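Working notes, structure below.
The values are calculated or read from the model by the stated rules, or taken from the named source; none is laboratory data. All of these numbers come straight from a predicted model, not from anything done at the bench. Cβ placement follows ideal geometry from the backbone for every residue including glycine, while neighbour counts extend to all protein chains displayed.
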Amino acid sequence: MKRAPSGPVLGDDLGPRARRMVNVVSAVVLVILAALLWTAIQRLRSNGQLTADKWRWFTNVKVQRFVLVGLLDTVKVAVVAMALSLTVGALLALGRIAPQRPVRLVATVVIEFFRAMPLLLLILFIGLTFPTHHLPLGAFWYLVIGLTAYNGAVLGEVFRAGIASLDRGQTEAAQALGLRWWQTMRLVVVPQALRRMVPAIVSQLVTLLKDTSLGFVLPYEELLRRGRELGQDFTLHQPALQALIEVAVLYALVNFTLSRVAHRLELHQRRSGRGSAPAVTGALEMAALDARSAASAVSGTGVT
Amino acid sequence: MNAVLSHLGDYAHGMETTVVLTLVSYLGAFAIGLAVASCRVSPVPPLRAIGTLYIDVVRNVPLLVQFFIFFFGLTKVGIRFSPFTTSIIVLSMYHGAFVGEVVRAGVNTVDKGQIDAARALGFTFPAVLLLLVLPQAVRSVVQPLGNVFIALIKNSSVAYTISVVELTGTADRLNSELARAIAVFTGAAIGYLVLALASAFVLRQMEKRLAMVR
């Protein structure tokens, strides 16, 4: 992890011959890339995808406002679902480590069930059954409920793994000092565990944001659906490909921003000297957390 | 529950499609992941840039958007695959980025002294990578690679949106035929649970055999 991003990544500095080799390979790769790019452009042009008609909507204020409202609705549903998922996740994690056995059992079943379900299946199910069972909440809430059920369970597992990764001595010391279970959690365990889990939590939140696009099937009028509607618009010459590219770029931008903010937060925390606990930075470390706490049957880290 | 029991054949068929999608895509994702991870640790700057760009772009764009770009977007430039083929390509590419990240993390666990030793013995960079680094890297990240597999089972459901009739598609189709959403979707949920638990079991066995703990 600490290797310099430039220069040889594996092994020592390269010698003169290896360096020549690297230059040759670099040149070849660049030539191949240029050829690919050229082919792609030719392909786009010969299929009429580069004509002005297909791109004029891009500078149309009305059209862009239409797209941005979609983005706003995506962010709106994501923020609400994030807040609820974090809450549900915290409750489920507490349930899993609660001293009462029935509570533990229920929390475990809920977590394992929802983590094993494809989110798309949950969303379809909610969208089909809620309106016919006197719960006509609307697409926004169907999507929020689906996202919360799935991500709440995943985050619950992340929280549990983070708490379990803490040294037992911490809990024992707190109890020896006479703290109650709840005080031990609130004052000793949770603050330390939380700091370790920040990267895993953020990657799950990025996943949540991406998954809001599944609201397409409800249908919830979010960024992707608006992009598709725009792409099928006859008056704009049906810029399907172009609209999807803009949608992809917007999603990527929002996710980059989210990751960047989280990264800042982490650095800030470390600089202010409170981040002495090693952070859980990626899949590997999450796996280590999992392993240390007797991994449960079904685990997924940030991929769905 | 009769609705489910009288259509067990449909479910079996849907599950089969889900399993085939998952297995084939995982092979593709694994190949792409190894290639991307190799690019990211190679001494050739353009290859490193390509690896980083690939991972950053693919991981930050929703899977469904990638499905639509490949299915509805590429037809516009005359590239057209069947829904099933599209699903395999997109699922492979998407999870390839995650496999790439996992393998790269594994590469970092390989002792630098070994690499230096191999270089000193005259092994070229590709040889070091293929013979020494990647085998060890993969074996040190068996569990996260398993997590990608389980995620892939779930994500294969997105193929439903381009009309591949896998397990989720089966449930949706049966529901429009029978109008019994709760029973029909419970059937699909059980199917996914079985798949998840079965693969978790197999993965744990593989982990016991393959995993290297450092």
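Tell me which of these A:PRO99 doesn't satisfy, since it passes every other one: (1) modelled with pLDDT of 95 or more; (2) of a type outside the set (Ser, Thr, Tyr); (3) not in a helix (DSSP H, G or I).
(1)
Among the candidates A:LEU177, A:LEU208, single out the residue that is out of contact with any Ser or Thr (no Cβ under 6 Å at 6 or more places or on another chain) and without any contact (Cβ under 8 Å) to a residue 40 or more places away in the chain.
After ruling out the rest, the residue left standing is A:LEU177.
So for the range A:174-196 (the condition being part of a helix (DSSP H, G or I), modelled with pLDDT under 90 and under 21 Å from A:VAL80 (Cα atoms)), does at least one residue qualify?
yes
Regarding the range B:7-21, can at least one residue be identified that is at pLDDT 95 or above, in contact with a Phe, Trp or Tyr (Cβ under 9 Å, 6 or more places away or on another chain), part of a helix (DSSP H, G or I) and within 11 Å of another protein chain (Cβ to nearest Cβ)?
There is at least one residue in the range B:7-21 that is at pLDDT 95 or above, in contact with a Phe, Trp or Tyr (Cβ under 9 Å, 6 or more places away or on another chain), part of a helix (DSSP H, G or I) and within 11 Å of another protein chain (Cβ to nearest Cβ).
Check the range B:183-193 and report whether any residue there is under 30 Å from B:VAL65 (Cβ atoms), part of a helix (DSSP H, G or I), at pLDDT 90 or above and in contact with a Lys or Arg (Cβ under 8 Å, 6 or more places away or on another chain).
Yes: one or more hits.
Which condition does A:ALA193 not pass, out of (1) within 30 Å of A:VAL247 (Cβ to Cβ); (2) over 18 Å from the mean Cα position of the chain (by Cα); (3) not basic (Lys, Arg), if it passes all the others?
(1)
Has the range B:134-142 got at least one residue that is under 21 Å from the mean Cα position of the chain (by Cα), more than 8 Å from chain A (Cβ to nearest Cβ), surrounded by 23 or more Cβ atoms within 10 Å (Cβ to Cβ) and outside any helix (DSSP H, G or I)?
The answer is no; no qualifying residue exists.
Scan the range B:167-186 and give yes if some residue there is within 17 Å of B:ALA31 (Cα to Cα), crowded, with 21+ Cβ neighbours inside 10 Å and more than 7 Å from chain A (Cβ to nearest Cβ), otherwise no. Talk me through it step by step, then tell me what you get.
Taking the range B:167-186 as the starting set, the residues that turn out to be within 17 Å of B:ALA31 (Cα to Cα) are none.
No, the conditions are met nowhere in the range B:167-186.
Results for (1) over 19 Å from B:SER199 (Cβ atoms); (2) modelled with pLDDT of 90 or more, shown as yes or no for each residue.
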position	(1), (2)
B:MET93	yes, yes
B:PHE98	no, yes
B:VAL102	no, yes
B:PHE125	yes, no
B:LEU129	yes, yes
B:LEU132	yes, yes
B:GLN136	yes, yes
B:VAL141	no, yes
B:PRO144	no, yes
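Quick one: would you say B:ARG59 is among the basic types (Lys, Arg) and in contact (Cβ under 8 Å) with a residue 24 or more places away in the chain?
On the way: among the basic types (Lys, Arg): yes; in contact (Cβ under 8 Å) with a residue 24 or more places away in the chain: yes.
For B:ARG59, the condition - among the basic types (Lys, Arg) and in contact (Cβ under 8 Å) with a residue 24 or more places away in the chain - is met.
Would you pick out the residues in the range B:45-56 that are without any contact (Cβ under 8 Å) to a residue 12 or more places away in the chain and surrounded by fewer than 20 Cβ atoms within 10 Å (Cβ to Cβ)?
Taking the range B:45-56 and keeping what is without any contact (Cβ under 8 Å) to a residue 12 or more places away in the chain, we get B:45-50, B:53, B:56.
The answer is B:PRO45, B:PRO46, B:ARG48, B:ALA49, B:ILE50, B:LEU53, B:ASP56.
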